[in-house]
Amino acid sequence: MRIFYIIFKFLFYSLILSIVLGLPTLLWLMVEEKPWVNERDQLAVEDVKRAKHLLHELDPRQLKDGETRPLTLTERDASLLVDQMLSRWPSTAQVKAQTRFTLDHAEIKATLPLPDNPIGRYLNASVQLTPGKSGPILTDVQIGRLPIPNRVHNWLIDFASAYLQDHPAYQELKQAWATLSDIQIGNGSVAVTVRYDQDLARRLEARGRDWVFPKTDRIRLGVYNDVLIAATRTLRKNSSLVFLLKPLFARAAERTAQGGNPVEENRAVLVALALYLSGKDPTRLLGEKYNAPASIHPTLAGRGDLAQHFSISAALAGIANSHIANVIGVFKEVQDAQGGSGFSFADLTADRAGVRFAEQAIRSAASAQDVQQRVISLNIESAIMPSITALPEGLQDPEFRRRFERRDSAAYNVVKDEIERRLDQCSFYRPAS
């Protein structure tokens, strides 16, 4: 019996020792000093144009149930899509990702910066995927310098699949994969045939709406829609946008005082205002019926289009980020230069004013509450919207190219810098001295 006791004791202490020595070794292998992904791919004007084209190709209003369409995604398309998905959750917002397509497989690399520690500065990971019948197949997983054996990640996938089997979102994901066929992964792109499933599209639309605008957000939007209804009953047509901002932020301050989150209240104000000024029925976007405020065509600098630019850019900055709002603003002007009303630096000024306004409105709880009080006491629109005097407008593409060549030229940057200088003079955006 004593020999069994000695063997058991030896095995027990060996196990403890292997755990004590093994965990630091695993951490050392997983954490590294250099990142695999240095920077996120930044959205550019050309990306917005391409996204608009892809959405047009897959517009459900133009497709019949069961109809198929070919779709090609580039590495850049996939990287931007993955980055935007990661940025939606605070827990993954710091992760930088990059997607690469090579013959027959896709590789996604990701880097997470770590807090200061003695082991390393970055947690890097990569996965390789190949198309399978019921979903993508993991063929290779690596965390830092530690390759994960196939049997380990296969077991984890099987476990997760069994656990999620009865979850509606998981079933919808499997059904979405079933609509894809003829998947061809080549160097730099993936080509696929997409079959339109009307019932699945409706369910995914509702799920996407709940993801972007959860129920609590839709309740807030209803509150501020009611504020707009009341305000537009008393304001004259073509009133300054300031006189809509004041009651909206007064209500936001009230709800904050009652325990509301000031950042989320301000974000809801910006979205509600943009939906109103866009002139479109928000029912499909939000999934709920809202009564429409009266159309009073609010203005900035005496112009309704500038109020629209300000409000929509502010909302985009509020629900996405400032860079995306800026890029979409420039994209709109590039479109206008190609047969529309022409490229307008005045419109860009309103876009930038909206972005700067949103940045302060949602930067932090303290900043959000400060904005609420400052807007309540706001009486002049020059505090949020600078003069547009002498800014070039109505430039069709040939004239724009003659004067500015391109959007990164010295001449273009002179006007951009002038816009920022004017914004800095607005009391709302004036840098702290």
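Please enumerate the residues belonging to region 182-199 that are surrounded by fewer than 16 Cβ atoms within 10 Å (Cβ to Cβ) and farther than 19 Å from Asp77 by Cβ.
The answer is Arg195, Gln198, Asp199.
A quick yes/no check of all residues on (1) modelled with pLDDT under 95; (2) farther than 20 Å from Ala307 by Cβ; (3) surrounded by 18 or more Cβ atoms within 10 Å (Cβ to Cβ):
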{"site": "Ala353", "(1), (2), (3)": "no, no, yes"}
{"site": "Gln373", "(1), (2), (3)": "no, yes, no"}
{"site": "Gln396", "(1), (2), (3)": "yes, yes, no"}
{"site": "Phe400", "(1), (2), (3)": "yes, yes, yes"}
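Identify the residue in region 231-264 that is within 28 Å of the chain's Cα centre (by Cα) and β-branched (Val, Ile, Thr) and, among all such residues, is farthest from Thr299 (Cα to Cα).
That would be Thr256.
Grab the helices (runs of 4 or more DSSP H) fully contained in region 207-314, keeping just those with 1 or more residues being loosely packed, with under 13 Cβ neighbours inside 10 Å.
Result: 215-234, 242-257, 283-286.
Considering only region 86-99, state which residues are in contact with a strand residue (DSSP E or B) (Cβ under 9 Å, 6 or more places away or on another chain) and farther than 15 Å from Glu39 by Cβ.
Within region 86-99, just Thr92 meets the criteria.
Within the set of pairs 6 or more residues apart or between chains, which connect a residue that is among the small types (Gly, Ala, Ser) inside region 197-213 to a residue that is part of a helix (DSSP H, G or I) with Cβ atoms less than 9 Å apart?
Final answer for the pair search is Ala201/Pro60.
Could you list, in sequence order, all residues of region 10-59 that are at pLDDT below 60 and more than 30 Å from Tyr122 (Cβ to Cβ)?
Selection gives Phe10, Leu11, Phe12, Tyr13, Ser14, Leu15, Ile16.
Please go through region 256-302 and pick out each residue that is among the small types (Gly, Ala, Ser), at pLDDT below 90 and in contact with a Lys or Arg (Cβ under 6 Å, 6 or more places away or on another chain).
Narrowing region 256-302 to residues among the small types (Gly, Ala, Ser): 257, 259-260, 268, 272, 274, 278-279, 287, 292, 294-295, 301-302.
Subset that is at pLDDT below 90: 278-279, 287, 292.
Within region 256-302, Gly287 is the sole residue that qualifies.
Tell me whether region 120-131 contains one or more residues that are farther than 22 Å from Thr74 by Cβ, surrounded by fewer than 12 Cβ atoms within 10 Å (Cβ to Cβ) and of a type outside the set (A, V, I, L, M).
Of region 120-131, the ones farther than 22 Å from Thr74 by Cβ are 120-125.
Now drop any that are not surrounded by fewer than 12 Cβ atoms within 10 Å (Cβ to Cβ), which leaves none.
No, region 120-131 contains no residue that is farther than 22 Å from Thr74 by Cβ, surrounded by fewer than 12 Cβ atoms within 10 Å (Cβ to Cβ) and of a type outside the set (A, V, I, L, M).
The values are calculated or read from the model by the stated rules, or taken from the named source; none is laboratory data. Model, not experiment: these values are computed from the prediction. Every residue, glycine as well, gets a Cβ built from its backbone with ideal geometry; the counts of neighbours run over all protein chains shown.
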